[in-house]
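Reading through the structure tokens given below for one structure.
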Amino acid sequence: MSGIRGYFDEKKRIRQNWAEILENNRDVIEQYDPECRYYGECLKEKKVEKKVLYESGKGRRQFAVLTALFEEFAARPDFKEYHHVWVVSKWGEYRQLKKEYAQYENVEYICIKNEIPQKYYEILATARYLFQGGNFPYHFVKREDQVYLSIREFDSAKIESMERDMDAYRAAGHMHNLLLSDFVLTNSEEACELLKNVFRLRGIYEGKVLVADAGKQAGAILETVIDQKETIKPEKGFETEKKKLLFYGAGLAMNGVTEALLALLKKIDYDRYDVTVFCRVRDGFYGQRNLMRIDKRARVIACRGIDPMTKEEQLWTIYLKKYGLSGKEEEKIYKKCRGLLKRLAQRVLGNTSYHYIIDFSGYAVSTPLLLLEVPAEKRLIWEHQDLKEDFKTINCGKLKHMHVTLKGLISMYSRFDKIVAVNQPLMELNRQKLGNEEINDRFCYVTNIIDKERLDEKISMAETDSVLTAADGRKYLVCDSVQTSVDGTMKMFPLERGEGEFYFVTMGRLSEEKNHRNLILAFQEFLKEYPGSRLFIIGKGVLMEELQTLTARERLEKNIIFTGNLTNPFLLMKHCDCFVFPSYFEGQGLVVLEARVLHMPIVMSDYGVAPSVCVENGQYLTGMEKEDILKGLLAFAKGEVPKDYHFDLEEYNQKAIEEFYLVLED
């Protein structure tokens, strides 16, 4: 009976899961980009045929190369075996081509200046040879039996401007196309060096780079690309002896995970490792800003655009994104999707391979599934939080993690060689809560690194305070001007206070696990004894409005100040007396260590992995309830919170990077 009941329970679970997916994603599915949808349908349903696509970018050089290749192809005996399609973005080129090549019956012309017709995506999906003089759209992906020649012709002025102005965000479209190409054709050794060093193809590109004059060597180029004869020898110097390391950094949002990744990237030995950071960056402020903060020695692949998929394929990916490989039905869907997942992985990472792949995001299922399709010797997945507690968190009446389940996330662990927590206590805690016989020996830890260089810079800036004196003589600290503020507003706070008035500060995302509500209520009680005191809450988050409403209802607006995100929070922290950290749970709590760099007294809750940020005689530990936090605040007012402790950041970071190398190479 139990077997029969289990069978029907599983069927019921699957029906409920699909009903939820369809109900919650109706708008996402219906509003999917129609061009991507049609292109996805072509990729799935149509076969590659004997067609050649010549697409001209905006440059005259590329157009001239394409015409030279076409005219050479027209002289070949196999010319009539192929259907040739010209795609241009200028009507002048369109008219010129139709006039010059009017004698050829197997040639078609498409102009995409005003709109892109469906015919274009059909050709893009089915042409055997792709000759591109610019960049294909972000949703382009090369099929296995297509051959892609990317034409990169640069004069000295263009090379100079690219060397000066190119950054990871601008390079996204170029990298997408270059890494998908089988051949890159360029016109000079200087341009070849640009590809190696500015576009960072050295160490990652697995195609062939050809340096040739298309006007004189078009036949040799076609022999090399079409006939596979290597008439033109490919350029050398694109290989590397270093170990190749790929990080996935999600969207580089403004949070502790991003800060930890950026800090780690600064400490890696780039003489030993060739490092690539893959991220999905939208057009928002924080993601682009953090993209520019990535260590310049690392290569960045900034994925943009959306994936070309049929409606059925989209539903499969949404289902797997939430439920992972957590059951037999999920495994069946996964098997159906392997071809799709490989295609999506190639869209973002091209034809690349690595020694190590690290999913540093720690909360995703869909992207790790793509990473499984990328060739690698070892795969590691990071854990940044007490995951069992984190997945219970409810913010504003909704689960914090709506689009992925804990069971789905954990189901990925068996596909990775190492499950890496950000400190030893967290490793032990997650192994106890989430482990099983298959994966227990894969749990390990690498302590988060703190960006000492950035901290020193911020703190040194804090030494030159911006203090304004008002007409009544009161002094204010200006933490952000309109120009420097992350949200475009000036942020200034009162400096002066009387005897027995204390300034407390806390910093972190405004969400349930940070326990701001109990901190506010505890501080309300503290004000009864020390009425002139203030609490500064640095950060933003989903609970901002709710917490501000609570503060207003209790008439605490003068004493509790929500600063939002600050460009340099240390400027304000330096003027506060005590750092308070009342979290219910954390992955580590790096802000505690940052407060230690300022030698601040610290009142903190004794959460599960608190030992990872504690030092001898360096904190006052409390519980998480209002009364517990109040006790800590009062202890500080009475001089009972220790402040003469020792914390050596350089020693801490050195130990952390050694842990990283040990886990990587073990």
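Under 9 Å between Cβ atoms, which residue pairs at least 6 apart in sequence (or on different chains) link something in segment 108-121 that is of a type outside the set (Val, Ile, Thr) with a partner that is open to solvent by 50 Å² or more (accessible area, probe 1.4 Å) and in a strand (DSSP E or B)? These pairs meet every condition: Glu108/His83.
Output the residues belonging to segment 238-259 that are touching a residue at least 40 places away in the same chain (Cβ under 8 Å), open to solvent by 20 Å² or more (accessible area, probe 1.4 Å) and either among the polar types (S, T, N, Q) or farther than 30 Å from Ser511 by Cα (or both). Across segment 238-259, the qualifying residues are Lys243, Lys244, Asn255. Going by what's in this entry, would Glu389 be described as modelled with pLDDT of 95 or more and either in contact with a helix residue (DSSP H, G or I) (Cβ under 9 Å, 6 or more places away or on another chain) or assigned to a strand (DSSP E or B) (or both)? It is false that Glu389 is modelled with pLDDT of 95 or more and either in contact with a helix residue (DSSP H, G or I) (Cβ under 9 Å, 6 or more places away or on another chain) or assigned to a strand (DSSP E or B) (or both).
For (1) of a type outside the set (A, V, I, L, M); (2) under 30 Å from Glu428 (Cβ atoms); (3) modelled with pLDDT of 95 or more, each residue gets a yes or a no:
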residue	(1), (2), (3)
Phe570	yes, no, no
Leu590	no, yes, no
Gly608	yes, yes, no
Cys614	yes, yes, yes
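Only a single criterion out of (1) part of a helix (DSSP H, G or I); (2) over 18 Å from Gln62 (Cβ atoms) is not satisfied by Leu178, namely (2). Note on segment 23-46: residues that are of a type outside the set (D, E, K, R), exposed (fewer than 13 other Cβ atoms within 10 Å of the Cβ) and more than 23 Å from Lys342 (Cα to Cα) total 1.
Answer yes or no as to whether Tyr356 is open to solvent by 10 Å² or more (accessible area, probe 1.4 Å), in contact with a Lys or Arg (Cβ under 6 Å, 6 or more places away or on another chain) and closer than 27 Å to Lys266 by Cβ. Taking the combined requirement at face value, the residue satisfies it. Residue count for segment 481-509 under the criterion of being open to solvent by less than 20 Å² (accessible area, probe 1.4 Å) and at pLDDT 95 or above: the result is 4. Residue pairs whose Cβ atoms lie under 8 Å apart, separated by 6 or more positions or on different chains, with the first residue in segment 547-567 and within 20 Å of Asp480 (Cα to Cα) and the second open to solvent by 40 Å² or more (accessible area, probe 1.4 Å) and among the aliphatic types (A, V, I, L, M), are Asn565/Met254. Exactly one residue out of Leu372, Leu380 is closer than 18 Å to Phe247 by Cβ, aliphatic (A, V, I, L, M), open to solvent by 10 Å² or more (accessible area, probe 1.4 Å) and touching a residue at least 24 places away in the same chain (Cβ under 8 Å): that is Leu372.
Against the conditions (1) more than 14 Å from the chain's Cα centre (by Cα); (2) surrounded by fewer than 15 Cβ atoms within 10 Å (Cβ to Cβ), Val211 satisfies every one except (2).
For segment 599-626, a residue qualifies if it is of a type in the set (A, V, I, L, M), farther than 23 Å from Ile520 by Cβ and open to solvent by 10 Å² or more (accessible area, probe 1.4 Å), and exactly one does: Val615.
Conditions (1) crowded, with 20+ Cβ neighbours inside 10 Å; (2) within 13 Å of the chain's Cα centre (by Cα); (3) of a type in the set (Asp, Glu); (4) closer than 24 Å to Arg347 by Cβ, marked per residue:
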| position | (1), (2), (3), (4) |
| --- | --- |
| Arg272 | no, no, no, no |
| Val281 | yes, yes, no, yes |
| Tyr286 | no, yes, no, no |
| Leu291 | yes, yes, no, yes |
| Arg297 | no, no, no, no |
| Val300 | yes, yes, no, yes |
| Asp307 | yes, no, yes, yes |
| Ile318 | no, no, no, yes |
| Lys328 | no, no, no, no |
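Apart from one condition, Asn135 fits all of (1) open to solvent by 50 Å² or more (accessible area, probe 1.4 Å); (2) farther than 20 Å from Ile301 by Cα; the exception is (2).
Scanning segment 549-575 for residues that are open to solvent by 20 Å² or more (accessible area, probe 1.4 Å) and either in a helix (DSSP H, G or I) or of a type in the set (A, V, I, L, M, F, W, C) (or both) turns up Thr549, Ala552, Arg553, Ile561, Phe562. When you look at Val478, is it over 21 Å from Pro601 (Cα atoms), of a type in the set (A, V, I, L, M), at pLDDT below 70 and outside any helix (DSSP H, G or I), yes or no? It is false that Val478 is over 21 Å from Pro601 (Cα atoms), of a type in the set (A, V, I, L, M), at pLDDT below 70 and outside any helix (DSSP H, G or I).
Taking the criterion of being at pLDDT 95 or above, more than 23 Å from Glu389 (Cα to Cα), over 28 Å from the mean Cα position of the chain (by Cα) and aliphatic (A, V, I, L, M), the residues of segment 592-606 that qualify are Met600, Ile602.
Residues that are in contact (Cβ under 8 Å) with a residue 40 or more places away in the chain and closer than 30 Å to Glu41 by Cα: list the helices (runs of 4 or more DSSP H) wholly contained in segment 260-361 that include at least 2 such residues. If you could, list the steps in order and put the result at the bottom.
Numbers: elements: 285-292, 311-323, 328-349.
Qualifying helices (runs of 4 or more DSSP H): 311-323, 328-349.
The listed residues are Glu108, Glu190, Glu115, Glu160, and the only one of them that is assigned to a loop (DSSP other than H, G, I, E, B) and open to solvent by 10 Å² or more (accessible area, probe 1.4 Å) turns out to be Glu115.
The values are calculated or read from the model by the stated rules, or taken from the named source; none is laboratory data. None of the values given here were measured: they were computed from a predicted structure. Don't worry about glycine lacking a Cβ; one is built from the backbone with ideal geometry, like all the others, and counts go over all protein chains shown. When the accessible area is computed, the model is the full protein with side chains, heavy atoms only, and any ligands, DNA or RNA have been set aside. Shrake-Rupley method; radii C 1.70, N 1.55, O 1.52, S 1.80 Å.
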